[in-house]
Amino acid sequence: MALRLPRAPSPSICFRCLAQLSRPQQLSRPRRNLSTSLRRSTTAAVPIAPTAFGPTVFGPGTWQKQYFLANKFLGGQSGPSLELAAKDLLPHRRRQLRNKLEKEGLVDHSAPLPPDASSLLSSQSESSPAGSLKRLLYAYLALSKPRLTALIVLSAMAPYALYPVDPLLSAASAPTLSALTLAFLTAGTTLASASANAFNMYLEPAYDRLMSRTRNRPLVRGILRPSQALAFAISTGILGVTALYVGVNPTVAALGATNILLYAAVYTPLKRVSVVNTWVGAIVGGIPPLMGWAAAAGASQGVDSGMTETLSHPGGWLLAALLFAWQFPHFTSLSWTIREEYKAAGYQMMAWKYPRMNGRVAARYALLFFPICGALWWVGVTDVGFVATSAVVNTWLVREAWRFYRKAGEGGTAKKLFWTSVWHLPVLMGLAMVHKAGLWKGVWERVTGVEEEWEWEEEEEEEGVEGVKEVTEVVV
């Protein structure tokens, strides 16, 4: 006798799976390789009335494994049975399952974020033989916070590439920005950032051991002595500022030294005094773009250019404002996930002192990206296409920041905003470089060899000079 499908199936079961269950060859042979725990948990969770599917037809041993995979584990199971079957899910099915469980409140969002690079490097260093070069290398690298340093270096290199040089890549002119200057900028910024981070760890070992994010750092674990960390911080700071002064220009060197002092002498102690530390930290994050812009201006105008000349163009300040604004959605979401640890360690953070303010600040500064990106086109740093493409990623950030504010960080909104900010910045800077003003005009000229617009401008200039000569001859 053929099995008839019910007219009103449970909303948890799709018609595709009902059709699959109706096949006699599947119902007659139960799957023996499915674990008992999975069968028990899934059959107990399926909301099917006994009158619609009798137990003689759909007994516990007749459920097919692919049925539960296709239906995202009906009923919100948890425990080993879910983990066992989730291994066989396709990636999009795993995402669907996680979204379903998040909506039902079955996902634990209190789990900490993954450990930072300093913690991982400290573990690598401790596992190396005592006194070995590898042990010391990993420990000193952990002092520099390599991921944060890499982000700072990239935020200085991008403005260097965005500095307006006309006509970029044109067939008639050679690049005016120096690769050697860029190399000195990269090396000097790396060393200056490593110095600031090492000073930070040197000043805070007593408080670092109170937090899960920082208790694995080299000074806390005793891999390095405080005197070694201090010597590393001083030496890298001197080398970094010297490299910026000799290889770039004095303005960039002054900005690098200022950032070390702000981070180590102002921001670090201020964290235990006032929530204003977040704004000071954002200023520290906004200085590297100014360094990159001033480096490019010095390479284009002359190494001896002063601060007024190298920082006169508003483009550098707009890029600094962009990095300044980005710090807030990034850090407010990060601090929210460990707010109780910040509170226990005595750090004055908005996440635990003013949680509603924490969400408002994230949303407000996320909105600032729209006028900043528009202004970059207005002052001639990017073309008009950047206004449209940047609006897409900025809308993504604003959406997550708004959810973070509305739900006060609950429901996984803090982690979503954090990872959105991690991807937002490199994507936005990449779009800015793709839409650099004059880039595609220069590419077109390089490919076709056509320079009609520039030739027309040169002809106008020549005609103007000839006109001036004729007027002069008449007057004489």
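The values are calculated or read from the model by the stated rules, or taken from the named source; none is laboratory data. Please read all numbers here as calculations on a predicted model, not as lab measurements. Every residue, glycine as well, gets a Cβ built from its backbone with ideal geometry; the counts of neighbours run over all protein chains shown. These accessible areas exclude ligands, DNA and RNA; they are computed on the full protein's heavy atoms, side chains included. Shrake-Rupley method; radii C 1.70, N 1.55, O 1.52, S 1.80 Å.
The residues of the stretch 339-352 that are surrounded by fewer than 21 Cβ atoms within 10 Å (Cβ to Cβ) and in contact with a helix residue (DSSP H, G or I) (Cβ under 8 Å, 6 or more places away or on another chain), listed by number, are Arg339, Glu340, Lys343, Ala345, Gly346, Gln348, Trp352. The residues on offer are Val427, Val387, Val422, Val381, and the sole one that is open to solvent by less than 40 Å² (accessible area, probe 1.4 Å), modelled with pLDDT of 75 or more and in contact with a helix residue (DSSP H, G or I) (Cβ under 8 Å, 6 or more places away or on another chain) is Val381. If you go through the stretch 399-419 and keep only what is open to solvent by less than 30 Å² (accessible area, probe 1.4 Å) and under 17 Å from Phe328 (Cβ atoms), you end up with Glu400, Ala401, Phe404, Gly409, Thr413, Ala414, Leu417, Phe418.
Of everything listed in (1) at pLDDT below 95; (2) crowded, with 18+ Cβ neighbours inside 10 Å; (3) assigned to a helix (DSSP H, G or I); (4) touching a Ser or Thr at 6+ places or on another chain (Cβ under 7 Å), the single unmet condition for Ser300 is (2). Kindly evaluate Thr251 against the criterion of being in a helix (DSSP H, G or I) and open to solvent by less than 50 Å² (accessible area, probe 1.4 Å). Considered against the rule, which asks whether it is in a helix (DSSP H, G or I) and open to solvent by less than 50 Å² (accessible area, probe 1.4 Å), Thr251 comes out as yes. Scanning the stretch 410-422 for residues being within 18 Å of the chain's Cα centre (by Cα) and more than 19 Å from Leu323 (Cβ to Cβ) gives a total of 5. Take the stretch 368-380 and flag every residue that is more than 14 Å from Leu428 (Cα to Cα) and among the hydrophobic types (A, V, I, L, M, F, W, C). Across the stretch 368-380, the qualifying residues are Ala375, Trp378, Val379. Of the helices (runs of 4 or more DSSP H) contained entirely in the stretch 89-201, those carrying at least 3 residues that are buried (at least 16 other Cβ atoms within 10 Å of the Cβ) and modelled with pLDDT of 75 or more fall at 133-143, 146-162. For the stretch 267-277, which positions are out of contact with any helix residue (DSSP H, G or I) (no Cβ under 6 Å at 6 or more places or on another chain) and either free of Cβ contacts under 8 Å to residues at least 40 places away in the same chain or of a type outside the set (A, V, I, L, M, F, W, C) (or both)? Listed by number, the residues that qualify are Pro269, Arg272, Ser274, Val276. Residue count for the stretch 195-241, restricted to those that are farther than 15 Å from Ser118 by Cα and not polar (S, T, N, Q): 16.
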